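Trainee: Below are the structure tokens for one structure; questions will follow.
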Amino acid sequence: MKKVYLLAYSMTLGTQEEVIACLNTIPGLLWRSDMTNSFYLISEKSAEELVAAIRKCREGKGRFLITEIHPQNKQGWLTPDTWYLINNKTHKPREK
């Protein structure tokens, strides 16, 4: 089952471009970012599996946290596209 996670990281993990390159190596992972040093992740993997994949990709360097966003206990001031991703576990379809 797909889960929604929040990845928060320090600059010791890498630049946003380096983190994006790392995330793009994880099979089946969808992501979105609209805040500094954080990503919303959609995956069937556990948080432990995602941590292992990121640590491998970034060669064990950097500090970060992955935590699940629970469907019944979330709130914030985010963009409509981000809320769509969090609530539907997929990217919002592009309007034609």
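Trainee: Quick one: compute the contact order of the range 3-88, relative version, from alpha carbon pairs under 8 angstrom and 6+ residues apart, as a percent.
Mentor: 44
Trainee: Counting Lys +1, Arg +1, Asp -1, Glu -1, what net charge surrounds Leu13 among other residues with beta carbon under 15 Å of its beta carbon?
Mentor: +2
Trainee: Further, regarding this structure: Taking DSSP loops as anything outside H, G, I, E and B, show the longest stretch in the chain free of GluC sites (Glu not before Pro) there with at most 13 other beta carbons within 10 Å.
Mentor: 1-43
Trainee: Select from the range 18-62 those trypsin sites (Lys or Arg not before Pro) which occupy a DSSP coil region and have at most 12 other Cβ atoms within 10 Å, ordered by residue number.
Mentor: Filter output for the range 18-62: Lys61.
Trainee: Only four residue types carry charge here, +1 at the Cβ of Lys and Arg and -1 at the Cβ of Asp and Glu. Report the dipole size of the chain about the Cα centre in Debye, rounded to the nearest 20.
Mentor: Rounded to the nearest 20 debye, it is 140 debye.
Trainee: Which semi-axes, in whole Å and largest first, does the equivalent ellipsoid of the range 3-88 have when worked out from the alpha carbon gyration tensor as the square roots of 5 times its eigenvalues?
Mentor: 21, 14, 11
Trainee: Below 10 angstrom from the Cβ of Ser46, what's the summed charge of the other residues (Lys, Arg +1; Asp, Glu -1)?
Mentor: Around Ser46, the surrounding residues sum to -2.
Throughout, read-outs are computed from the coordinates displayed, never taken from laboratory work. From a predicted model like this one, the values you see are computed outputs, not experimental measurements. Neighbour counts are summed over all protein chains in view; Cβ atoms, including those assigned to glycine, are modelled from backbone coordinates with ideal geometry.
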